[in-house]
1. Can you list residue pairs whose Cβ atoms sit under 8 Å apart, with the first residue in the stretch 76-99 being small (Gly, Ala, Ser) and the second being in a loop (DSSP other than H, G, I, E, B)? Count only pairs 6 or more apart in sequence or on different chains.
2. Of the conditions (1) farther than 28 Å from Pro89 by Cβ; (2) in contact (Cβ under 8 Å) with a residue 40 or more places away in the chain; (3) assigned to a helix (DSSP H, G or I), Ser57 clears all except one; give me its number.
3. Which one of the conditions (1) of a type in the set (S, T, N, Q); (2) within 14 Å of Leu6 (Cβ to Cβ); (3) surrounded by 12 or more Cβ atoms within 10 Å (Cβ to Cβ) does Gln77 fail to meet, given that it meets all the rest?
4. Could you go through the stretch 24-46 and let me know if any residue there is over 18 Å from Phe96 (Cα atoms) and in a helix (DSSP H, G or I).
5. Checking the conditions here, which among Leu72, Leu40, Leu6, Leu28 is more than 10 Å from the chain's Cα centre (by Cα) and either without any contact (Cβ under 8 Å) to a residue 60 or more places away in the chain or at positive phi (or both)?
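Laboratory data are not the source of any read-out in this text; all were calculated from the coordinates shown. Quick caveat, the model's predicted, so the values are computed rather than measured. Please note: Cβ atoms are built from the backbone with ideal geometry, for glycine as well, and neighbour counts cover all protein chains shown.
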Amino acid sequence: MTQCELSPGVIGIIEHLARWARGYDNHLKWNEQAKFKADLMNVRERWQGVDVDAFRSRCLSEGMRTVDVDELVGWLQKAQAGRRLVPPPSYRGFRFTTPVDDPGPLRTSEDWSAT
């Protein structure tokens, strides 16, 4: 997977968010936002390598409103920077059911020089 590609799990979450928004006249409701924030905190490994521009582009291509996408991207950037997001208490334990994609074995500079 190149840096600009999104994993299938992240794509699935974007599709879920877009589907939820379409159900409410293309507005992402507060509880879907809370679920996204909770997953950012609870499953950090899913989000650390996500390319922000690719994430934004995919959200927009799914038909999400720019204002919603900007908010999601802002939270993604904060989470990637190590900042803490605080979803409402009823959603703090939420995790999307899509699997966290295995990034593969850890490679070091010794591996790179051997190839």
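1. Hits for this filter: Ala79/Leu85.
2. (2)
3. Failed condition: (2).
4. Within the stretch 24-46 (the criterion being over 18 Å from Phe96 (Cα atoms) and in a helix (DSSP H, G or I)), the answer is no, since none of the residues qualifies.
5. Leu28
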